Amino acid sequence: MKKFVAMLLVLSLSGAVLAGCTTDEAPEDTTAPAGTEEQVDENEGTEEEAVEGTMTKIGLGHITSIAKSKDAEDENGATGQVDTTLAAVGFDDEGKVVKLTIDVAQTKVNFDAEGKLATDKDGEFKTKVELGDEYGMKKASEIGKEWYEQAAALEEWMVGKTVEEITSMELNDGVPAEEDLTSSVTVGVDTYIAAVEEAYNNAVEVEAGAETLGLGTDISIAKSKDAEGENGPKAQVDLTINVAALDADGKVVGTVLDVAQTKIDFDAEGKLATDKDGEFKTKVELGDDYGMKKASEIGKEWYEQAAALEEWMVGKTVEEITSMELNDGVTAEEDLTSSVTVGVETYLSTVEEAVANAK
């Protein structure tokens with residue numbers, strides 16, 4: 001009996017030794033413990049944090065100046081010039097720039113010596129990016145680059161940086177002194193930086209899936225007026241601006257709509273009567289001061305109607321947006337008739353352009 005028990009003990013010890021000897025050589029078991037796979041799926045399904053570099057907010061920055069406007073002098077009539085710098089920017093959750101378009105709408109309204117409008121009211125007015133090589137900077141550029149090329153280099157430098165990093169750019173008399181930019185950007189960039197900063201401060205959240213961002217504009221001087229009697233000429237530039245973020249399927253996941261309506265008054269002698277250094281606000285910035293609510297049949301201010309239109313566009317393709325049912329330029333869509341009574345044709349066309357320009 002003792003011999004039998006001893007033999008069992010030896011066999012047990014031998015098995016343990018053999019098991020220990022084969023452990024290192026056995027392939028690693030990659031099978032997940034029961035319940036682990038299900039838990040991973042649950043975690044993936046509830047993940048809400050955006051991946052770094054994902055566009056979660058979009059903003060529009062704009063700065064308007066009339067500083068280059070000129071009084072009438074001798075045989076030369078007055079000139080009203082409106083320069084509006086634009087920045088359409090997409091940001092991630094860390095405040096870093098993901099997408100960016102910088103542009104300038106430089107619009108000149110000329111009058112003759114009698115104060116009559118000398119610029120075609122129905123003419124086509126392009127931004128600096130739209131002008132491309134026609135803008136004519138390359139021939140005077142010490143680095144042989146056109147404005148849009150320099151703007152593209154600046155945009156590329158800003159992408160991946162926070163606004164704090166961008167606004168701390170080293171400058172020399174307003175021109176970049178950053179080693180990465182000295183050979184590609186020789187224009188003054190103060191206003192462009194300020195516009196990007198404003199875009200960040202005004203940024204709004206967009207729905208998930210934003211991949212591209214575009215800027216659309218429309219420029220009109222149709223409301224400019226000749227001098228008449230004791231009233232001098234008036235230059236008025238209406239710049240409609242639209243920023244649109246799109247998902248991979250081309251559907252709008254967020255928009256920002258605004259209008260910069262800039263008026264420049266001259267006296268009967270053609271002298272500038274509007275403060276060159278004044279502050280010029282857009283319709284959204286004016287808010288209730290724009291004064292539409294008192295005349296609105298639905299009691300809504302311009303910015304409120306614009307917000308309703310922006311909300312309606314989300315989730316739609318550009319084809320669905322531009323096929324909106326209209327009645328004399330006003331929306332006839334059932335979802336909008338109680339919230340939007342302003343003419344929307346220009347707003348639709350600028351969204352279409354923003355989508356076409358999306359990158």
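The values are calculated or read from the model by the stated rules, or taken from the named source; none is laboratory data. Every value quoted in this text rests on a predicted model; they were computed, and no experiment measured them. Every residue, glycine among them, receives a Cβ derived from its backbone with ideal geometry; neighbour counts consider all protein chains shown.
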Handout entry: Asp277 over 30 Å from Ser69 (Cα atoms) and either in contact (Cβ under 8 Å) with a residue 60 or more places away in the chain or of a type in the set (D, E, K, R) (or both)
Key = no
Practice task
Taking only region 301-331 into account, find how many residues are more than 25 Å from the chain's Cα centre (by Cα) and farther than 25 Å from Ala356 by Cα.
Solution key: 2
Fill in the blank from the handout: Those residues of region 278-313 which are part of a helix (DSSP H, G or I) and of a type in the set (S, T, N, Q) amount to Gln305
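Going by the structure shown, is Gly214 among the small types (Gly, Ala, Ser), outside any loop (DSSP other than H, G, I, E, B) and surrounded by fewer than 18 Cβ atoms within 10 Å (Cβ to Cβ)?
Considered against the rule, which asks whether it is among the small types (Gly, Ala, Ser), outside any loop (DSSP other than H, G, I, E, B) and surrounded by fewer than 18 Cβ atoms within 10 Å (Cβ to Cβ), Gly214 comes out as no.
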Handout entry: Every pair of residues 6+ apart whose Cβ atoms lie under 9 Å, when the first sits in region 322-343 and is touching a residue at least 24 places away in the same chain (Cβ under 8 Å) and of a type in the set (A, V, I, L, M, F, W, C) while the second is assigned to a strand (DSSP E or B) and exposed (fewer than 11 other Cβ atoms within 10 Å of the Cβ)
Key = none
Handout entry: Of residues in region 124-173 being surrounded by 12 or more Cβ atoms within 10 Å (Cβ to Cβ), in a loop (DSSP other than H, G, I, E, B) and of a type in the set (Gly, Ala, Ser), the one nearest to the chain's Cα centre (by Cα)
Key = Gly160
Exercise for the section: Could you grab me the full set of residues in region 173-206 that are closer than 18 Å to Ala244 by Cα and either out of contact with any helix residue (DSSP H, G or I) (no Cβ under 8 Å at 6 or more places or on another chain) or among the β-branched types (Val, Ile, Thr) (or both)? Expected result: Ala195, Val196, Glu198, Ala199, Asn201, Asn202, Ala203, Val204, Glu205, Val206
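If the requirement is being under 24 Å from Gly59 (Cβ atoms) and acidic (Asp, Glu), which of these qualifies: Glu146, Glu164?
On inspection, the qualifying residue turns out to be Glu164.
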Exercise for the section: Only residues in region 155-173 that are basic (Lys, Arg) count as the first member; pair them with residues that are not in a helix (DSSP H, G or I), Cβ under 8 angstrom, at least 6 apart or cross-chain, and list the lot. Expected result: Lys161/Lys96; Lys161/Val97
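Looking for something at pLDDT below 90 and either within 30 Å of Ile166 (Cβ to Cβ) or polar (S, T, N, Q) (or both) - is there at least one such residue anywhere in region 1-17?
Yes, some residue in region 1-17 is at pLDDT below 90 and either within 30 Å of Ile166 (Cβ to Cβ) or polar (S, T, N, Q) (or both).
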Practice task
Could you tell me whether region 343-358 includes any residue that is surrounded by 12 or more Cβ atoms within 10 Å (Cβ to Cβ), in a loop (DSSP other than H, G, I, E, B) and touching a Leu at 6+ places or on another chain (Cβ under 7 Å)?
Solution key: yes
Problem - Subset of region 217-227 that is part of a strand (DSSP E or B) and either free of Cβ contacts under 8 Å to residues at least 60 places away in the same chain or closer than 17 Å to Glu345 by Cα (or both) - its residue that is nearest to the chain's Cα centre (by Cα) - result: Thr217
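Is it true that some residue in region 80-93 is more than 19 Å from Asn201 (Cα to Cα), of a type in the set (S, T, N, Q) and part of a strand (DSSP E or B)? Talk me through it step by step, then tell me what you get.
Here is the first cut: in region 80-93, the residues more than 19 Å from Asn201 (Cα to Cα) are 80-83.
Adding the requirement that they be of a type in the set (S, T, N, Q) leaves 81.
From the residues that got through so far, the ones that are part of a strand (DSSP E or B) too are 81.
Yes.
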